[in-house]
Amino acid sequence: MLAKGIKTVGFIGFADAYGEGWWNEFSKIAEARGLKVLANERYQRTDTSVTGQVLKIVSAKPDAVLIAGSGTPAALPQKTLKERGYGGAIYQTHGVANRDFLRVCGKDCEGTRLPAGPVLGRRSAAERHPVKKSALAYVEAYEKAHGKNSVSTFGAHAWTPASCCRRRSRRR
């Protein structure tokens, strides 16, 4: 956010441990880095509307909004922000790095910033990128076992190709 010149931010997250965890850590970092948080809103994973929360955020006029949700329920605040004419930057957490979120959010998620592992961007990574070969190998192995287009970024977080981390035993 700082690299993009953002000075003010709104926050909307799940009204549960996931949202609270993000708020607790983000608010500390924001304060330490000089980001001013103008709104702090919550919603339930099963809510069908977040209009009230989004109107409070939009009226505060933040440069950016961080949505601390995961999966398809994280599309609701983003779609509502777009419907209400919010034109600032939108950030999501790693919890939306999957096909279902993209399907539900549709064109409203274009331009969203989020952290994601190399499996998600494997096709667009430069050929010389150090993890491209490993990401492609993971996808190939996973889809061979579970079917085409079944891969998600989450399983890849725990995967380490055998070729990169062979242990050598030492005799002493």
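Considering the dipole of the stretch 1-82 built from charges on the beta carbon (Lys and Arg +1, Asp and Glu -1) around the Cα centre, which of A17, G71, L81 is farthest to its positive end?
Ranked along the dipole, the leading option is L81.
With every protein chain present, what is the per residue accessible area of the chain (1.4 Å probe, Å²)?
Details: 10750 Å² over 172 residues.
About 63 Å² of surface per residue is accessible.
Give the relative contact order (percent, whole number) for the chain; include only Cα pairs under 8 Å separated by 6+ residues.
Details: 238 pairs, mean separation 28.8, N = 172.
Rounded, it is 17 percent for the chain.
Mind putting a number on the dipole of the chain about its Cα centre? Charges go on the C-beta only, +1 for Lys and Arg and -1 for Asp and Glu, and I need it in Debye to the nearest 20. Before the final figure, lay out the partial values.
Details: 29 positive and 14 negative charges, 240 e Å.
That gives a dipole near 1160 debye.
In this model, which of K28/K61; K79/K132; K79/K133; K79/K144 are farther than 23 Å apart at the alpha-carbon?
Working: K28/K61 21 Å; K79/K132 32 Å; K79/K133 35 Å; K79/K144 35 Å.
Too far apart for the 23 Å limit: K79/K132; K79/K133; K79/K144.
For the chain, modelled as a Gaussian network with Cα springs under 10 Å, which listed residue fluctuates most, R99, R42, R84?
Result for the chain, Cα springs under 10 Å: R84 fluctuates most.
Normalise the Debye intensity by I(0) for the chain, one equal point scatterer per Cα, no solvent, then take log10 at q = 0.13 Å⁻¹ and round to two decimals.
-0.72
Would you grab the residues whose amide H sits under 5 Å from the one on R42? Only those 5+ places off in sequence or on another chain, please, with H modelled 1.01 Å from N.
Correct list: G13.
Got a number for carbon plus sulfur as a percent of the chain's accessible area, 1.4 Å probe?
Details: 5450 of 10750 Å².
Within the chain, the accessible surface is 51 percent carbon and sulfur.
Can you list residues from other chains, or at least 5 along the same chain, whose modelled amide H is less than 5 Å from the amide H of I90?
For I90, whose amide H was placed from the backbone, the distant partners under 5 Å are V65, R113.
Under the Karplus relation 6.51 cos²θ - 1.76 cosθ + 1.60, θ = phi - 60°, what is the ordered set of whole-Hz ³J(HN,Hα) values for the stretch 12-29, x standing for Gly and Pro?
9, x, 4, 8, 8, 4, 4, x, 5, x, 5, 4, 4, 6, 4, 4, 5, 5
For the stretch 36-110, report the translational diffusion coefficient in µm²/s to the nearest whole number, using Stokes-Einstein at 10 °C, 1.306 mPa s, and a Kirkwood Rh over Cα pairs. Intermediate results must be reported in sequence, preceding the final value.
Numbers: Rh = 12.4 Å.
Answer, rounded: 129 µm²/s.
The values are calculated or read from the model by the stated rules, or taken from the named source; none is laboratory data. Note that this is a predicted model, so its numbers are computed, not measured. All Cβ positions, even for glycine, are placed from backbone atoms using ideal geometry, and neighbour counts span all protein chains on display. These accessible areas exclude ligands, DNA and RNA; they are computed on the full protein's heavy atoms, side chains included. Shrake-Rupley method; radii C 1.70, N 1.55, O 1.52, S 1.80 Å.
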